[in-house]
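Student: The structure is given below, and queries will be raised subsequently.
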Amino acid sequence: MTNSHSPIAEMSIRAATPLALLISAYLLFAGHNNPGGGFAAGLVLGAVVTLRTLAGLQEPTYATALLVSGVLIVIVVAIAPLLWGDPLLDMAVISIRAPILGTIKSGSALPFDVGVTAIVVGLIVALLDGLSDPETSDPAGRGNLERNS
């Protein structure tokens with residue numbers, strides 16, 4: 001996407017990526033009781049993907065797979081309660097007792113948020129992929145005019 005690469009920018013983005021991934025995971029898991037959730041986690045992950053793409057560290061790929069898997073997860077989690085006679089999008093809470101951690105509670109909202117995260121990241125990856133299309137990135141803006149005439 002860019003022609004020149006800055007070693008300082010690459011090093012900074014490489015150093016910040018693990019911290020941003022940790023923040024994204026926190027937002028995803030804490031989003032049910034605190035500010036955050038799937039959308040916020042997806043935005044942070046999307047920012048990581050965008051920065052890494054602009055620095056030339058990765059190419060935006062798998063947009064369709066992310067979008068389709070996210071939509072399927074959201075649909076399954078939304079419709080699943082109807083199979084047991086519960087209302088649409090009803091949340092089931094599961095509680096597990098772990099020896100060291102104590103009681104761990106999770107609900108069906110977590111997979112729903114994972115699906116939302118996949119949708120948000122997929123949309124950002126699709127946007128980056130579309131912006132990096134060689135046909136649309138002609139700096140002179142004459143690419144399509146010359147071919148059609």
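Every number here is computed from the coordinates shown, using simple stated rules; none is lab data. Note that the structure is predicted; figures quoted are calculated from it, not measured. Positions of Cβ are backbone-derived with ideal geometry, glycine not excepted, and every protein chain shown enters the neighbour counts.
Student: Spin-label point model (7 Å from Cα, Cβ direction): what's the residue 94 to residue 129 distance in nm?
Tutor: Going from the residue 94 label point to the residue 129 one covers 3.1 nm.
Student: Here's something else I'd like to know. How much length is gained on full extension from residue 84 to residue 23, taking 0.36 nm per residue of separation minus their Cα-Cα distance? Before the final figure, lay out each step's value.
Tutor: On the way: separation 61, 0.36 × 61 = 21.96 nm, distance 3.52 nm.
Here the answer is 18.4 nm.
Student: Skipping prolines and chain starts, which residues have an amide H placed within reach, meaning under 5 Å, of the one on residue 107, given they are 5 or more residues away or on another chain?
Tutor: When sequence neighbours closer than 5 places are left aside, the close amide H contacts are 94.
Student: Shifting gears a bit: Along the three principal axes, how long is segment 7-133 when you take its alpha carbons, biggest first, rounded to the nearest angstrom?
Tutor: In descending order, the Cα extents are 54, 37, 22 Å.
Student: What percent do you get for the relative contact order of segment 7-133 when only Cα pairs under 8 Å and 6+ apart count?
Tutor: 31
Student: Explain nothing, just the number: dipole magnitude of the chain about its Cα centre with +1 on each Lys and Arg Cβ and -1 on each Asp and Glu Cβ, in debye rounded to the nearest 20. Don't skip to the answer; put the middle values down first.
Tutor: Numbers: 6 positive and 10 negative charges, 88 e Å.
Using Cβ point charges on Lys, Arg, Asp and Glu, the chain gives about 420 debye.
Student: Going by C-beta contacts inside 10 Å, put 113, 129, 86 in order with the fewest on the left. Write out the running numbers ahead of the final one.
Tutor: Values: 113 26, 129 16, 86 12.
Exposure proxy ranking, most exposed first: 86, 129, 113.
Student: When 44, 68 are ordered from fewest to most other Cβ atoms inside 10 Å of their Cβ, what list results? Could you put the intermediate results ahead of the total?
Tutor: Values: 44 22, 68 13.
Ascending number of Cβ neighbours within 10 Å: 68, 44.
Student: I've got another one for you. Under a crude label model (7 Å from the Cα following the beta-carbon direction), how far is residue 9 from residue 69 in nanometres?
Tutor: Roughly 2.9 nm, to one decimal.
Student: How would 97, 14, 52 line up from fewest to most surrounding beta-carbon atoms within 10 angstrom?
Tutor: On the way: 97 8, 14 12, 52 20.
The fewest-first ordering by Cβ neighbours comes to 97, 14, 52.
Student: Using only Cα atoms, tell me the angle between helix 38-54 and the longest principal axis of the chain; keep it within 0 to 90° and round to the nearest 10.
Tutor: 30
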